[in-house]
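The values are calculated or read from the model by the stated rules, or taken from the named source; none is laboratory data. No experiment lies behind these values; they were computed from the predicted model shown. FYI the Cβ positions are ideal-geometry reconstructions off the backbone, even for glycines, and counts take in every protein chain you see.
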Amino acid sequence: MRLLAAQEWRRQPATHTDGSILMATPNGLQQLKWYYQVLIVAAMCGGLLALLWYQYLAPIELDITAKNVQLDELKRVIAKSIEQQKILAQIKMDCEELEARLETLKSVLPLAKETDEVLRSVQRAASSSALRILRVGSRPIIDHEVYTEWPIDMEVIGTYHNVGSYLDKIRQLPRIVNIGGLRLVSRASTGEAAYSASVGATYTATTFVYREEPADTAAPPPKPVK
């Protein structure tokens, strides 16, 4: 009798304290109240989602974050490279402009070997303007970074018209020649000399030589032509 009673008790379904029956089989879930079913399903789904997240999605998110960091770094590098390219292009334009200016400067600045000819042309301009050269004296050269000044002192006599004609010819020379320290002094005002030597002029004629070599190896200053 006791054995039969125990077997009969094992076949009895489990019950809650409130009298509801909890079946041990899957069909027992359907017999629970609806909010218990929702809680159980939600807990199971949450567990599955957590497992999916930690096993698969979390590593993917970390990889995406790392890729975004690399992308931001590449964007910064690209932006910096673009800015450097703009600066390089501007430097290249500046260099081309400076080279063009240097070539222009070379075309008007004589080389050291041409200095004698330039100074001769200054003296020829004075003679062709009917000025009589009284004195020609050399002065020390003045070195600068890319050019050298070659000055000579000159004294001439003639008329105001002759001096004006001479200055105009100096202006038309292909090489740069500056006339500085010009002083005009009245001389003969009567007689025949008034037509050819009414004024005396002293000045310094300076040409500028482009330096292709250091100053200590440059050629000595030319001797004035008398």
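What are the pairs with Cβ atoms under 7 angstrom where one residue, in segment 46-61, is in a helix (DSSP H, G or I) and the other, located anywhere, is at pLDDT 75 or above? Sequence gap at least six, or different chains.
Cβ pairs passing all conditions: none.
Among the listed residues Ala89, Ala79, Ala126, identify the single one that is in a helix (DSSP H, G or I), aliphatic (A, V, I, L, M) and within 30 Å of Phe208 (Cα to Cα).
Details: Ala89 fails: within 30 Å of Phe208 (Cα to Cα); Ala79 fails: within 30 Å of Phe208 (Cα to Cα).
Step by step, each of Ala89, Ala79, Ala126 is checked, and only Ala126 is in a helix (DSSP H, G or I), aliphatic (A, V, I, L, M) and within 30 Å of Phe208 (Cα to Cα).
Taking into account only those residues within segment 148-177 that are surrounded by fewer than 18 Cβ atoms within 10 Å (Cβ to Cβ) and in a strand (DSSP E or B), which is modelled with the lowest pLDDT?
Glu149
So that you can scan it fast, the table gives a plain yes or no per residue for (1) closer than 30 Å to Tyr147 by Cβ; (2) among the small types (Gly, Ala, Ser); (3) out of contact with any Lys or Arg (no Cβ under 6 Å at 6 or more places or on another chain); (4) at pLDDT below 80:
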| position | (1), (2), (3), (4) |
| --- | --- |
| Gln30 | no, no, yes, yes |
| Val38 | no, no, yes, yes |
| Ala43 | no, yes, yes, no |
| Leu51 | no, no, yes, yes |
| Arg76 | no, no, yes, no |
| Gln84 | no, no, yes, no |
| Met93 | yes, no, yes, no |
